[in-house]
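For reference, the structure discussed in these notes is given below.
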Amino acid sequence: MWKSTATAPFDRNLQLAVIDTGGQVHALVFPCRRVLRGWVNSQNGSPVYVFPTHWREWDGRIEEAPIGEPE
């Protein structure tokens, strides 16, 4: 169940949702963490530049993203 981002806990892996300009809801496909300065990607710690509207517990695995490896 989705919850308001106003209630999002800190330092836990969460899935975020955003609403686009057309009113469509989109869930991010990677886990995020709420931190004092906003949101970061749980896999690599980089800032997530979105304005999420909802959150829910992340129920998938978290794998470290390979850096510099070819696909």
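Name all residues of region 16-55 having a backbone nitrogen under 14 Å from the label point set 7 Å from the Cα of MET1 along its Cα→Cβ direction, giving them as ranges. Residues 55 qualify, since their backbone N sits under 14 Å from the label point.
Within region 1-50, DSSP assigns beta bridges of which about 90% are antiparallel (rounded to the nearest 5).
Taking label points 7 Å from Cα along the Cα-to-Cβ direction, PHE51 and VAL25 give a separation of 1.9 nm.
Any read-out appearing in this document is the output of simple, stated calculations on the displayed coordinates, not a laboratory observation. Note that the structure is a prediction, hence the values are computed from the model and not measured. Because the Cβ atoms are built from the backbone with ideal geometry, glycine has one as well, and the counts that use them run over all protein chains shown.
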